[in-house]
1. Under 7 Å between Cβ atoms, which residue pairs at least 6 apart in sequence (or on different chains) link something in region B:24-47 that is within 9 Å of chain A (Cβ to nearest Cβ) with a partner that is loosely packed, with under 14 Cβ neighbours inside 10 Å and hydroxyl-bearing (Ser, Thr, Tyr)?
2. Facing another protein chain (nearest Cβ under 9 Å), within 30 Å of A:ILE123 (Cβ to Cβ), of a type outside the set (S, T, N, Q) and exposed (fewer than 15 other Cβ atoms within 10 Å of the Cβ), is that true of B:VAL21?
3. For region B:126-136, which residues satisfy the criterion of being surrounded by fewer than 17 Cβ atoms within 10 Å (Cβ to Cβ) and either part of a helix (DSSP H, G or I) or within 12 Å of chain A (Cβ to nearest Cβ) (or both)?
4. Of the residues A:VAL174, A:VAL206, A:VAL202, which is surrounded by fewer than 17 Cβ atoms within 10 Å (Cβ to Cβ) and closer than 15 Å to A:LEU257 by Cβ?
5. Within region A:109-142, restricting attention to residues that are of a type in the set (D, E, K, R) and touching a residue at least 40 places away in the same chain (Cβ under 8 Å), which residue is farthest from A:ALA70 (Cα to Cα)?
6. Quick one: how many residues across region A:148-206 are of a type in the set (A, V, I, L, M) and on the phi > 0 side of the Ramachandran plot?
7. Which one of A:ASN26, A:ASN21 is within 14 Å of chain B (Cβ to nearest Cβ) and closer than 30 Å to A:LYS283 by Cβ?
8. So, of the residues in region B:113-125 that are loosely packed, with under 11 Cβ neighbours inside 10 Å and within 11 Å of chain A (Cβ to nearest Cβ), which turns out to be nearest to B:PHE52 (Cα to Cα)?
Amino acid sequence: MDKIQSLYEALTKVDGFIYPNELALNWDMLIVMYPYITGLVAGAFILASLNRVFDIKALRPTYELSLLTALSFMLVATMPLITHLGQPLRFYEMLITPHLTSAMAIFGFVYLWYLMVVLLLEIWFDYRYDMVIWSREKKGFMKFFYKALTLWVSDTSPESRKTDEKIGYFITVVGIPSAFLLHGYVGFIFGSIKANPWWSTVMMPVIFLFSAMVSGIALVMFIYMVVTYLRKQKIDMNALDTIAKYLFYILIIDFTLESLDQIHRIYEADESFDILKILVRGKLFFTFFIMQIGVGVVIPLATLGFLQFKKPRVRIRKLIYWIISICVLVGIFYMRWNVVIGGQLFSKSFYGFTSYKVNLIGGSDVTLSLLWFIVPFFILAFLLWLLPPWKKAPPIEIPED
Amino acid sequence: MPLQVKRLLLVFAIFIGIMLVLKYVLTPDSWREYGPYRGNAIGEIASQQAKFVQKESCADCHDSIAEIKSLGEHINLQCEICHGPGYQHVDDENFKMEITKNNALCLRCHTMNAASPKNIIKQIDAIEHNEGEECITCHNPHQPWL
């Protein structure tokens, strides 16, 4: 939060009438990062479960990659919150004093469930057999490390692999509602604030969920292309086309839901509508119409839609996918921005606005937000080195009976 | 039960056990005494040293200033509003109090502000009212109408 020296300085930030406590935004860019990162986790996981549960074979090459992506972003998902609170050393107090009396405090449970029971377990069962094999091949510390990761279970019999497979499948099934819960929860935090007409809508959890899927799928697409490029491997165009197809479908649903929400607002035109109209046309014009809708929805929808009918050459398609994934990632970031920042820019008296300036240099919120977006990529690099999906043994066939 | 599941359950049991121990050891004593927060916090805050000591204690030594102040419109203002917290100065007179002479001090209260009622606090337009001069050249801060 920025310090305001005098009333005169403060008044330069204000248009119209606002309440004194609305002058400075309490939720800054770090709080934009929080739903963004959690959304990436939920989306990447759902892409993985498309392969496993809905049995979409073409997505097989990205299965482990999506899980590891989800894990590496999940590990930092709480960091924007903790750094925003400004008391990082007290974070453990949250864990040892759980309670059910505030919606915010529920995040501890949602997070722990998703991380410990869904993500870690699924990855563990998926990699257990391979980790046993790797622990036999490696020497010294790495041998010990893989052994520790397998919890000193060295069973490689087909029965044990079948058990892994079955339990893993079960966890993925449980994981889908959990992923919905994780991001639906984040939407609920905003949607349940009845004093804020920009946030308060029952659609919020659903909108958050679908935009999460969109961003997660785009992220995995992006990472898959970069990783195969860095490994100098040939990219599996079938997988990429399938991802793009799902990205297209879910983007349509996401856009429909968001439009529905807006149309509903416009038609209802309740007492908050005038100020929201000025907000969207004025302070949010760039981030809403240009970035969120233009870059994030219209360009990807048009391009992906076109690709459904006509397929250009592989090289061009790759380039298009690469650019589209970035567009979607940027668009969804601005969607979170418009929700979090937009909701705080107008006065709850509906008669005025405050403003928010991102100081690119020296602003701790921007630096930290960037940091928490970059760290997951390093974690992912480490995880890919530790648990390379391309070195896994082929999956075991379970006979149908 | 397959071996790997047994191991996992064991690990989860250990994890939950550690969490329970940590919860037992680290939970603050008075947590949940009244609700989901530390009950002791109230006492701790109450027992902190007061930093502001009220104008009556200043009058013990600065009786002449207190007297002229009691004759003017600033009678109800605390000395510490303008001079900063006085708890250290009261014990040790060599501890310097703040003396702010710039106009921002006065304008904090007297600048034009649509939200504060004019019959309760007089307001001036800082730009038009004797621009460029210090307020205290004409108004005595302790007794604005001298």
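1. What qualifies is B:LEU26/A:TYR92; B:PRO36/A:THR101.
2. Working: facing another protein chain (nearest Cβ under 9 Å): no; within 30 Å of A:ILE123 (Cβ to Cβ): yes; of a type outside the set (S, T, N, Q): yes; exposed (fewer than 15 other Cβ atoms within 10 Å of the Cβ): yes.
Here the answer is no, as B:VAL21 does not meet what is asked.
3. Applying the first criterion (surrounded by fewer than 17 Cβ atoms within 10 Å (Cβ to Cβ)) to region B:126-136 yields B:127-134, B:136.
Across region B:126-136, the qualifying residues are B:ILE127, B:ILE136.
4. Numbers: A:VAL174 fails: closer than 15 Å to A:LEU257 by Cβ; A:VAL206 fails: surrounded by fewer than 17 Cβ atoms within 10 Å (Cβ to Cβ).
A:VAL202 is the lone residue from the list that is surrounded by fewer than 17 Cβ atoms within 10 Å (Cβ to Cβ) and closer than 15 Å to A:LEU257 by Cβ.
5. So the first thing to find is which residues in region A:109-142 are of a type in the set (D, E, K, R), and the list is A:122, A:126, A:128, A:130, A:136-139.
Of the ones still in play, those that are also touching a residue at least 40 places away in the same chain (Cβ under 8 Å) are A:122, A:126, A:130.
On the way: A:GLU122: 11, A:ASP126: 15, A:ASP130: 20 Å.
Looking at the filtered set, the residue picked out is A:ASP130.
6. Step one: of region A:148-206, the residues of a type in the set (A, V, I, L, M) are A:148-149, A:151, A:153, A:167, A:171, A:173-174, A:176, A:179, A:181-182, A:186, A:189, A:193, A:195, A:202-204, A:206.
Imposing the further condition that a residue be on the phi > 0 side of the Ramachandran plot reduces the set to A:151.
Residues flagged as of a type in the set (A, V, I, L, M) and on the phi > 0 side of the Ramachandran plot within region A:148-206 amount to 1.
7. Numbers: A:ASN26 fails: within 14 Å of chain B (Cβ to nearest Cβ).
The unique qualifying residue is A:ASN21.
8. Pass one, region B:113-125, residues loosely packed, with under 11 Cβ neighbours inside 10 Å: B:114-115, B:117-120, B:122, B:125.
Filter again for within 11 Å of chain A (Cβ to nearest Cβ), leaving B:114-115.
Details: B:ALA114: 30, B:ALA115: 27 Å.
Here the residue is B:ALA115.
Just so you know, all these numbers are worked out from the coordinates, no wet-lab data involved. Note that the coordinates shown come from a computational prediction; the quantities given were computed from them, not determined experimentally. Positions of Cβ are generated from backbone atoms using ideal geometry, with glycine treated the same way; all protein chains shown enter the neighbour counts.
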